[in-house]
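The values are calculated or read from the model by the stated rules, or taken from the named source; none is laboratory data. Being a predicted model, the structure only gives us computed values, none of them experimental. Neighbour counts are summed over all protein chains in view; Cβ atoms, including those assigned to glycine, are modelled from backbone coordinates with ideal geometry. The accessibility values were calculated without ligands, DNA or RNA, using every heavy atom of the protein model including side chains. Shrake-Rupley method; radii C 1.70, N 1.55, O 1.52, S 1.80 Å.
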Amino acid sequence: MAIFPRTGTGTAAPRPVDLRLPSLRYLGPNWYATVMGTAVVATAGASLPVDVPGMRASCVVVWALSAVALAAVLTARAGHWILHRDQARAHLMDPAVAPFHGCMSMALLAVGAGTLVVGRDVIGHPAAVVVDTVLFTTGTVAALAVAVVVPYLMVVRHRLAPGTASPVWLLPLVSPMVSAAVGPLLVPELAPGQGREALLLACYAMFGLSLLGTLVVVPLVFSRLVHEGPLPLAMTPTLFLVLGPLGQSTTAVNQLADVAPGAIAAPYASAFGAFAVLYGVPVMGFALLWLALSAAMVVRAMRRGMGFTMTWWGFTFPVGTCVTGAAGLARHTGLDAFTWLAVGLYALLVTAWAVAGVRTLGGLFSGVLLAAPRPLRPGTVRTT
């Protein structure tokens, strides 16, 4: 929107005053990662199978912070679409940015789950159920939509060169897995019968949808690493995104096993419990292998001068899903090893969240993170 002041006869009109907010023009969907990374600190902390004094209260504070962050990012992104539609459409057509649209649904789902897990201490259980129901429904619809739309755009509109597979491609595919992991929280809130069983099996279907999609993409990512070498320095933290579907799927099967006895017939309920362990243990083993490989690559990148970008938020939510996955395995196996694994991963999560949060606030207030992207040199990759 521009305002043209009146001028006298013969006086040249001054340049129009642009009332748009330039700081929103380059605010991409990757900013939802700040919400996801904050919300998972609360839910993962509440899931720990150990009693830590003050932990519950701290998780409530972090959940409240994630809710405020969600409101802020939703408002800013709405402003981005209203004021800068050309740039918003350009983001959809940019293969480096489009997959980040999966972050919005995961942010809604993560805050909704946090509301029912810890936010109920503040707003009460009935209100928490309502909030989670709204956020879960909205987030799931968005997750299923983006899981179709982004791959469609990758096929028919984006032009991707061979050997350019990125862990970022997992973001739209892992969104339904988040629904599968947090949906079981609402199963006991439904009356016994068809509703409970339908929600349980719907979550299981989304688990399969996301898992099979992940099994397609992860080999492409590893093939790129082997044949093309390490990712560009700024993109190295995105390697942690592979932990997302691994940890979240382990969380999902354990959460589904927890609520299955009250939602489905006995033979299947016991099978859910067995599958939670039979699936979760080997997948958690692979997650730890990938964590070690990714950490080594990050150390290498830092030694070569990797600076802070928004990709550092990849250190948070994926690790948080491994915390909840390990906590679920601790519940179902009774092994102390999984308990201490969850505690150790949570310490890593909190450290990563604190570092990414401080650096993001610094970049936000300085304006660096909202500035126009610099022109790319040949052979480089945009980090949004």
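For region 291-304, a tally of residues being loosely packed, with under 11 Cβ neighbours inside 10 Å and of a type in the set (S, T, N, Q) returns 0. Considering only region 223-243, I want to know if a residue exists there that is hydrophobic (A, V, I, L, M, F, W, C), closer than 20 Å to Phe286 by Cβ, out of contact with any strand residue (DSSP E or B) (no Cβ under 9 Å at 6 or more places or on another chain) and open to solvent by 40 Å² or more (accessible area, probe 1.4 Å). Scanning region 223-243 turns up at least one residue that is hydrophobic (A, V, I, L, M, F, W, C), closer than 20 Å to Phe286 by Cβ, out of contact with any strand residue (DSSP E or B) (no Cβ under 9 Å at 6 or more places or on another chain) and open to solvent by 40 Å² or more (accessible area, probe 1.4 Å).
Kindly establish whether Gly247 is under 25 Å from Val323 (Cα atoms), of a type in the set (Gly, Ala, Ser) and in contact with a Cys (Cβ under 9 Å, 6 or more places away or on another chain). Write out each step before concluding.
On the way: under 25 Å from Val323 (Cα atoms): yes; of a type in the set (Gly, Ala, Ser): yes; in contact with a Cys (Cβ under 9 Å, 6 or more places away or on another chain): yes.
Against the criterion (under 25 Å from Val323 (Cα atoms), of a type in the set (Gly, Ala, Ser) and in contact with a Cys (Cβ under 9 Å, 6 or more places away or on another chain)), Gly247 qualifies.
If I filter region 180-192 down to residues being open to solvent by 10 Å² or more (accessible area, probe 1.4 Å) and not in a loop (DSSP other than H, G, I, E, B), which single residue comes out as nearest to Asp94 (Cα to Cα)?
Going through the qualifying residues, I end up with Val182.
For Ala78, the criteria (1) more than 20 Å from the chain's Cα centre (by Cα); (2) open to solvent by 40 Å² or more (accessible area, probe 1.4 Å); (3) over 28 Å from Ala330 (Cα atoms) hold in every case but one, which is (1).
Of all the numbered requirements in (1) at pLDDT below 95; (2) buried (at least 17 other Cβ atoms within 10 Å of the Cβ), Trp353 misses one, and that requirement is (1). In summary, Thr351 fulfils each of the numbered conditions (1) more than 21 Å from Thr250 (Cα to Cα); (2) under 22 Å from the mean Cα position of the chain (by Cα); (3) touching a residue at least 12 places away in the same chain (Cβ under 8 Å) with the single exception of condition (3). Scanning region 269-290 for residues that are open to solvent by 30 Å² or more (accessible area, probe 1.4 Å) and among the aliphatic types (A, V, I, L, M) yields Ala271, Ala274, Val277, Leu278, Val281, Leu288, Leu289. If you filter region 135-179 down to residues that are without any contact (Cβ under 8 Å) to a residue 40 or more places away in the chain and either open to solvent by less than 10 Å² (accessible area, probe 1.4 Å) or not in a helix (DSSP H, G or I) (or both), you find that the one that is nearest to Arg89 (Cα to Cα) is Ala161. Applying the criterion of being of a type in the set (A, V, I, L, M, F, W, C) and under 19 Å from Gln248 (Cβ atoms) to the residues of region 323-341, the residue that is nearest to the chain's Cα centre (by Cα) is Val323. Val218 falls short on exactly one of the conditions (1) over 20 Å from Val97 (Cα atoms); (2) open to solvent by 20 Å² or more (accessible area, probe 1.4 Å); (3) modelled with pLDDT of 95 or more, and that condition is (1). For region 215-237, the criterion of a residue being farther than 21 Å from Ala292 by Cα and either of a type outside the set (Gly, Ala, Ser) or in a helix (DSSP H, G or I) (or both) is satisfied by at least one position.
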